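Nothing in this text is a laboratory measurement; each read-out follows from the coordinates by a stated rule. Remember, predicted model here, so these are calculated numbers, not experimental data. Methodologically, a virtual Cβ is constructed for each residue, glycine included, from the backbone with ideal geometry; neighbour enumeration extends over all protein chains shown.
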Amino acid sequence: MRRLILAPVLVAVAALALAGCAQDFGQGPEGRVTDKSKDGKKFYLVVDPKKEGKAKKFRVSKYDYHDCYRGSKYPKCIDD
């Protein structure tokens with residue numbers, strides 16, 4: 001009987017642990033990636049929305065950081 005109770009509890013704990021690990025950063029402006037930077041375990045992209053020199057730096061997940069190259073269109077680079 002204890003095993004029947006323990007199994008769903010373990011599944012729920014594992015699901016909560018995995019949900020807590022997910023990174024959800026706000027999406028930056030649409031535009032071209034002009035630069036990428038990394039500060040320890042924090043990853044950033046710099047996007048110039050309309051090539052006006054008003055670039056915006058914002059934090060992204062490591063997966064988005066690796067998927068976007070300088071010169072690529074953001075957010076299309078993370079959708080491909």
Distant-in-sequence amide H partners of PHE43 (H built 1.01 Å from N, under 5 Å): VAL60
Calculate the spin-label point distance for LYS76 paired with LYS41, positioning each point 7 Å from the Cα along the beta-carbon direction, and give it in nanometres. 3.4 nm
Treating only the Cβ of Lys, Arg, Asp and Glu as charged (+1, +1, -1, -1), what charge dipole size does segment 29-72 show about its Cα centre? Round to the nearest 20 debye. 160 debye
Cβ-derived FRET efficiency at R0 25 Å, TYR69 paired with ASP24, nearest 0.05: 0.65
Expressed in µm² per second, the diffusion coefficient of segment 29-72 from the Stokes-Einstein equation, with Rh the Kirkwood radius over alpha carbon pairs, at 10 °C and 1.306 mPa s, is 154 µm²/s
